[in-house]
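Accompanying notes for the structure given below.
The values are calculated or read from the model by the stated rules, or taken from the named source; none is laboratory data. Everything quoted here is computed from the prediction, not taken from an experiment. FYI the Cβ positions are ideal-geometry reconstructions off the backbone, even for glycines, and counts take in every protein chain you see. The accessibility values were calculated without ligands, DNA or RNA, using every heavy atom of the protein model including side chains. Shrake-Rupley method; radii C 1.70, N 1.55, O 1.52, S 1.80 Å.
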Amino acid sequence: MLILSCSSKLWLLEGMLRRGLPDTLLVYGTVMHVNRGNPAGQEVLVDSWPDFKMVLTRSRREVARDPSDYFTNLYTAFYRDEGACQALLENSCAMNWGQAFQIQGLQDGVYETIRDITRARGLEMETYLYQLLLHPDPPAMPQYRPDKGLRLAPVSPAHAMLLNDTWKFGGNSWSLRYLCLLIRHFPNACLLGPEGTPISWCLTNQLAALTHGYTLPEHRGQHYLRSVVGMLAAQLHARGFPVYTGVLPHNEPSLHSLQCLGFRILPGVFYQLMVRPGFTQSQSASALDSAQDPAPSSGEWPHTHSI
Ligand SMILES: CC(C)(COP(=O)(O)OP(=O)(O)OC[C@H]1O[C@@H](n2cnc3c(N)ncnc32)[C@H](O)[C@@H]1OP(=O)(O)O)[C@@H](O)C(=O)NCCC(=O)NCCS
């Protein structure tokens, strides 16, 4: 296992991951941010170099200080070889299994390995399965202009409480700290109402994925999210980032809105796995995680060395 800290190697890795798109999207987005100032303090591990078979990104130890904070303690994974994936995820120098974390990936082997280790260690895992959407041509995105009296703007740290209170995973001090981190360090956009309060917004995260899209209930159905995403996509594209996101398969308004903007649904599953002691598994996760189950497929939607 090697931690890539040399900038020329990290730029080389970015180029290799770019050639593997879209399968590499999550680690590619993360490595892009690492190479452009590394605002969230991520680090990049490989099983070997330069012929890597597995890339794992994680939060630096000094960033993931709180052992219960599964928002900030974030891993992303991409592998070319399942054995290498298993070996790296089992390696306690690579993965800190002693604290709560989340891991995101697009490959079944990541899901299966994390599920098996989680079981063997007596931990519990909560599973979220998203559809992966990518915009093939952001400059061609239709423009939705805001209505009179409304204004597009960046999200401000002063809006973090509103975002935390309306987010279904929010409402606690970890989620608030995490939202503040995203707002301060990654591109975002919102639509301000006449009083200067956000009525619709979207953030991006360490993976450069669009996230936390939200419109206040009383303002839904007026295409506000589309103008917000349009502004954000233009920013991301101008900086060379892909424009992509994950959406829960039953979230029809979100899927519909993004498809109207030209996003395409890619095959496969975007996994978000949250591991922490004492988790009560959600029903869908319990059903999906039964011992003999293979990784769920998109057809099953209803349900230390440094170099
Ligand atoms: C998904 C969400 C952000 C869409 O925001 P929005 O500004 O209402 O987006 P749009 O106006 O483009 O609406 C999308 C679709 O929602 C449906 N819709 C229409 N009126 C609606 C209403 N009053 N309430 C909910 N959905 C409505 C319509 O199908 C609409 O598309 P159409 O006008 O072309 O028929 C918003 O519903 C929301 O905040 N949901 C909760 C959080 C969430 O799911 N976030 C997305 C995570 S990926």
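Summing charges over neighbours of HIS256, with a neighbour being any other residue whose Cβ is under 14 Å away from its Cβ, gives +2 when K and R count +1 and D and E count -1. In order along the range 165-179, the phi-based Karplus estimate (6.51 cos²θ - 1.76 cosθ + 1.60, θ = phi - 60°) of 3J(HN,Hα) comes to 6, 9, 7, 5, 9, x, x, 10, 6, 5, 5, 5, 4, 5, 4 Hz; Gly and Pro are listed as x. Ligands, DNA and RNA excluded, the heavy atoms of ASP147 present near 80 Å² of accessible surface to a 1.4 Å solvent probe. The alpha carbon gyration tensor of the range 150-266 gives principal lengths a ≥ b ≥ c with a/c below 1.5, which makes the shape rounded.
The coefficient of translational diffusion for the range 91-232, derived via Stokes-Einstein from the alpha carbon Kirkwood radius under 20 °C and 1.002 mPa s, stands at 124 µm²/s. Find, to one decimal place in angstroms, the Kirkwood hydrodynamic radius of the chain, where the mean of 1/r is taken over every pair of different Cα atoms and then inverted. It works out to 19.9 Å.
Per-residue Karplus couplings for the range 200-209, computed as 6.51 cos²θ - 1.76 cosθ + 1.60 with θ equal to phi - 60°, are listed in order as 8, 7, 8, 10, 10, 10, 4, 8, 6, 8 Hz, Gly and Pro entered as x. Straight Cα distances below 28 angstrom link LYS53 to the lysines LYS9, with same-chain residues fewer than 8 positions distant left out. Shown for the chain: the carbon plus sulfur share of the solvent-accessible area, taken with all protein chains present and a 1.4 angstrom probe, equals 51%.
Radius of gyration (Cα atoms) of the range 146-210, expressed as a multiple of 2.2 N^0.38 Å: 1.10.
Take 15-24, 123-132, 210-219 and order them by the average number of nearby Cβ atoms within 10 Å per residue, most first; the result is 123-132, 210-219, 15-24.
Less than 5 angstrom separates the built amide H of TRP167 from none of the residues sequence-distant by 5 or more or on a different chain. If one computes P(r) from the Cα atoms of the range 43-137, what percent of pairs lie at distances over 20 Å? Counting every Cα pair in the range 43-137, those more than 20 Å apart make up 37 percent.
Once all protein chains are placed together, ARG121 keeps about 120 Å² accessible to a 1.4 angstrom probe. Report note on the peptides 178-184, 156-162, 199-205: ranked by the mean count of other C-beta atoms within 10 Å, highest first, their order is 199-205, 178-184, 156-162.
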